[in-house]
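Here's the structure, in structure tokens; my notes come after.
Every number in this text was worked out from the coordinates using simple rules, so none of it is lab data. Quantities reported herein were computed from a predicted structural model and do not represent experimental measurements. Cβ placement follows ideal geometry from the backbone for every residue including glycine, while neighbour counts extend to all protein chains displayed.
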Amino acid sequence: MAIGVQLRDEHGRPIEVLAVDQFALENALPVFDNEAYPYLRLIDPYGDTTFGRYQMAAVLPELERRLAEVPSKELEQVIGLAQTCAANPHTYLVFVGD
């Protein structure tokens, strides 16, 4: 399984697609049982998980905390995309599962 990340517009069209090592990203994200990450733990490795602009207020701190625990260039790139999502209405951060 592998997870990709995209920033999409309100019509579901990709605005930006991250070119990351999808397996490295999956290993950097918390597992489902890790309740310390109420949002990130819900990323579905087999389906798409979509977060909207207002959810970035919760997702960004989780990403930053996870980056401090598990240094990863993939997480750094996801944080950049999440910041773009937080700053722009009608955008969505989508984790694309296998």
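Below is a table of values for the structure above.
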{"read-out": "Amide hydrogen neighbours beyond the local backbone of residue 72, cut-off 5 Å, H modeled", "value": "none"}
{"read-out": "Cα-centred dipole magnitude for the chain, charges only on beta-carbon of K, R (+1) and D, E (-1), debye, nearest 20", "value": "240"}
{"read-out": "Mean Cα-pair separation over length for the chain, i.e. relative contact order, pairs under 8 Å, 6 or more apart, %", "value": "43"}
{"read-out": "Inter-label distance, nm, simple model (7 Å from Cα along the C-beta direction), residue 10/residue 88", "value": "1.4"}
{"read-out": "Share of pairwise Cα separations in segment 4-96, more than 17 Å, in percent", "value": "43"}
{"read-out": "Contour minus Cα-Cα distance for residue 41 and residue 17 (0.36 nm per residue)", "value": "6.5 nm"}
{"read-out": "In nm, spacing of pseudo-spin labels at residue 24 and residue 50 (7 Å Cα→C-beta vector)", "value": "2.9"}
